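Q: I'd like to ask you about the structure that follows.
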Amino acid sequence: MGFRLPGIVNAKQTLQQARKGAEAKNVPKGYFAVYVGEVQKKRFVVPISYLKNPLFQNLLSQAEEEFGFDHPMGGLTIPCTEEAFINLTCSLNCS
């Protein structure tokens, strides 16, 4: 099951593949991967342009406070629900 949202590419991979660095091959130029979720993490690929947005920067600050620079999934982990992340990214796409 996946979500189709403008600007977001949902990529399914196993944790084992992610640890091997396979996710780097599936990220298009101009995008980066993040892991979102409170218990079970889901991988999203989002545009680099999100990094300029203050709302997304606030989310990254929260991630830094919770995880520091040691992300358990091997990539950037965002500490929020999938629903909150999707709502945020939808609002970024509309602005």
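Please treat every number below as a calculation from the coordinates, not as lab data. It should be emphasised that the depicted structure is a prediction, and the values quoted were computed from it without experimental measurement.
Q: Between I48 and C94, what length comes free when the chain is fully extended (0.36 nm per residue of separation minus the Cα-Cα distance, one decimal in nm)?
A: Working: separation 46, 0.36 × 46 = 16.56 nm, distance 1.60 nm.
Roughly 15.0 nm would be gained on extension.
Q: Relative to the present Cα-Cα distance, how much length would full extension add between V27 and Q57 at 0.36 nm per residue of separation? Mind showing how you got there, number by number?
A: On the way: separation 30, 0.36 × 30 = 10.80 nm, distance 2.05 nm.
Answer, rounded to one decimal: 8.8 nm.
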